[in-house]
1. Using all C-alpha to C-alpha distances in segment 127-174, build P(r) with 5 Å bins and read off the rounded percent in each one.
2. Pulled fully out, how much extra length does the chain show between Arg594 and Lys222, if you take 0.36 nm times their separation in residues and subtract their Cα-Cα distance?
3. Rounded, prolate or oblate: pick one for segment 524-638, where a ≥ b ≥ c are the square roots of the eigenvalues of its C-alpha gyration tensor, a/c under 1.5 means rounded, and failing that, prolate if a/b is larger than b/c, else oblate.
4. Sort out for me the Cα centre separation of segment 460-531 from segment 411-459, rounded to whole Å.
5. Can you give the relative contact order of segment 414-566 as a percent, counting alpha carbon pairs under 8 Å and 6+ residues apart?
6. Under a point-charge model restricted to the Cβ atoms of Lys and Arg (+1) and Asp and Glu (-1), what is the dipole moment magnitude of segment 414-566 relative to its Cα centre, in debye to the nearest 20?
7. Based on the alpha carbons, how large is the Rg to Rh ratio for segment 414-566 when Rh follows Kirkwood?
8. Mind checking the full-extension length gain between Thr523 and Ala156? Use 0.36 nm per residue of separation minus the Cα-Cα distance, one decimal, nm.
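The values are calculated or read from the model by the stated rules, or taken from the named source; none is laboratory data. The structure displayed is predicted, hence computed values, not measured ones. Cβ: placed from backbone, ideal geometry, glycine included. Neighbour counts: every protein chain shown. These area figures cover heavy atoms from the full protein model, side chains too; ligands, DNA and RNA do not enter into them. Shrake-Rupley method; radii C 1.70, N 1.55, O 1.52, S 1.80 Å.
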Amino acid sequence: MAQVVGQTKLHPKLRMIGNGDEVVNCLRAEQSQNLVSTAPLDTLFTDTKLATVAATTGFLPLGLDTADFSTSAAPAARKKLTPANRASHAYVGVFIEVHRDRQVAGPAGTASDVESVKDKIAKSLAPVTEIDRCVLSKRNFIAATVRVSDLPALAADERVAFIHPAEALALDVPRPRRGVDKLKPTDRSVAGKHNGGAGVIIGIIDVGGYDFSHRDFIANGKSRFLSIWDQGGKRRSPPSKRSGADFAPFDFGSEILQADLDKALAVERAGGLAATALEPQSQQSRSSHATHVTSIAAGNSGVCPKADIAAVLLNVPFDPEDLKARRETFSDSTRLVLAIEYLLEIAKREDKPISINISLGTNGGAHDGSGGVSRWFDALLATEGRSITIAAGNAGQEAATEENPNGWMMGRIHASGRIAARGLVVDLDWTVVGDQIVDLSENELELWHSPQDRIRIAVRPPGSNSWIEVGPRQYIENKRLASGTFLSVYNELYNPVNGANCCAVYLSPDLRPGSLTGVAAGTWTIRLIGEEVRNGEFHCWIERDDPYRYGPGVGGQLMRMPSFFSAASNVDSHSINSLACGHRVIAVANLDDRRQRIAATSSQGPTRDARMKPDIAAPGTGIVAANGLLKTTNPGSR
């Protein structure tokens with residue numbers, strides 16, 4: 001039975017996470033990019049075999065012999081959440097909005113409410129040494145790492161208006177083509193218009209590693225990189241220790257300075273080790289995305305060959321076997337905000353304007369620029385001499401194409417329509433993949449609609465004739481269905497960030513060892529029932545979930561798979577990356593220059609509040625640029 005909403009200062013996703021115990025959130029952290037767990041594995045399980053495996057390997061059974069720990073015919077009953085099993089070793093990235101009229105310092109000697117809330121979070125994290133934390137503020141926003149068990153107390157704080165979850169980040173990695181070494185780089189020069197970017201810094205935030213030794217980034221024998229902040233690096237000290245007091249918030253990872261890069265290049269030229277071996281980064285992926293993007297934007301054959309380059313390497317674990325790294329690593333929008341702030345400090349130090357590129361994205365949120373990270377970006381861009389360009393996204397494909405026959409699975413992420421009158425309904429078909437695949441991902445759907453309307457949400461699981469209904473201001477949380485899937489539905493009014501009504505639906509697998517059960521495959525029908533209709537318009541988005549294979553298990557391959565709307569429910573618009581919906585950022589679509597059309601995968605606008613996005617389109621298909629970090633004895637040939 002649905003319950004009445006009591007706490008609305010916490011985003012539904014945070015409430016759902018907070019409702020999970022230590023074991024559930026430890027397992028959830030292996031898949032989530034904005035949730036981390038440092039729980040001692042040997043204390044989590046009563047089963048001796050499970051405890052031994054966890055303690056001796058540092059891995060949970062999901063990543064080892066899944067056949068031994070797969071679907072149970074009768075999953076164990078879920079224990080009630082108590083103070084004893086609350087997730088005290090789980091941490092989540094959040095954006096905390098403090099009431100605007102309370103952000104200014106009070107009488108002499110008292111801190112502002114923003115600073116007081118930051119201090120409260122910092123004190124809670126003070127004993128924690130296992131994670132890379134974030135506590136940073138801008139105006140009345142705080143980007144922070146917080147304990148999951150601290151969320152209720154933060155939400156109860158009268159100074160806090162709302163707590164947003166940080167958004168998981170994802171990107172599409174370019175696929176290198178054979179014989180590309182024989183091709184000339186794509187002509188990207190517009191030097192006559194801006195003098196090749198002279199006097200400007202190009203900031204890049206990306207993944208995979210930067211091949212600073214590539215000839216496209218060397219001028220007169222010196223590196224054009226001013227620095228690389230490797231957020232997952234351990235070899236060198238973080239920026240807080242290498243670059244002075246202004247870089248104090250950036251107190252994790254490894255900062256590689258220009259002098260370090262030049263020294264490594266000199267050793268390589270003299271016949272020594274490769275420069276990238278002397279100054280290694282935490283990710284050095286062959287044909288890395290970061291190298292390719294940097295080459296296009298600022299390489300010697302790129303758009304801005306005379307610009308300086310400053311880079312941030314986000315910490316994204318790529319090894320599918322390293323579940324410990326996935327469990328202990330943040331790859332979310334709080335890290336993106338830190339990266340932006342770091343690059344702006346570089347520009348301030350060098351006294352130069354900066355243009356920052358972000359080729360990452362997410363599908364969730366209201367798509368109106370009201371989210372925490374969008375408002376943070378807009379605040380930063382109120383200062384002249386700065387720009388942030390963000391990829392429009394790769395969720396534009398609604399049907400199979402010859403080049404990408406399965407791309408539609410990532411593209412059917414938006415549905416919209418209008419409930420014409422009270423008592424009328426709209427059904428949306430939401431598909432979870434089956435066919436010998438066990439989906440272990442947490443599938444998310446958000447619906448946004450007018451604050452004038454009242455809509456009842458009903459959910460029908462695959463193969464069922466029964467509906468689970470949730471009325472306005474009601475919710476169900478982690479309800480275990482007969483299939484083993486956990487269902488959460490939150491039907492909230494007057495969301496604090498934009499005043500709109502928001503409904504969130506989550507389909508969660510049972511990840512507990514011994515009870516491992518994927519989300520039920522098939523069509524989940526979401527029914528929207530008009531209870532009070534004055535406007536009737538609605539928009540829905542499914543959060544992005546990139547395919548990821550864990551291994552074989554009972555019932556099929558254990559995978560993380562994208563869910564999607566049926567062809568009949570999908571509406572091919574408004575699919576733009578939610579990070580690109582800010583008012584001051586520049587959203588860039590992918591132009592297939594050869595065909596003179598927007599690429600099929602490129603996401604479309606407009607935003608939910610009817611602003612035209614993307615802002616511009618630029619060639620992004622079939623671009624020949626640096627192919628970095630290849631295993632070759634001749635770095636200049638790449």
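1. Reading the bins upward from 0: 4, 13, 23, 25, 15, 10, 5, 3, 1, 0.
2. Answer, rounded to one decimal: 130.4 nm.
3. Values: a/c = 2.83, a/b = 1.34, b/c = 2.11.
Oblate, because a/c is 1.5 or more while a/b does not exceed b/c.
4. Here the answer is 10 Å between Cα centres.
5. Details: 416 pairs, mean separation 62.3, N = 153.
Averaging sequence separation for qualifying contacts and normalising by length gives 41 percent for segment 414-566.
6. Using Cβ point charges on Lys, Arg, Asp and Glu, segment 414-566 gives about 260 debye.
7. On the Cα set of segment 414-566, Rg over Rh gives 1.00.
8. Full extension of this stretch gives 128.3 nm more.
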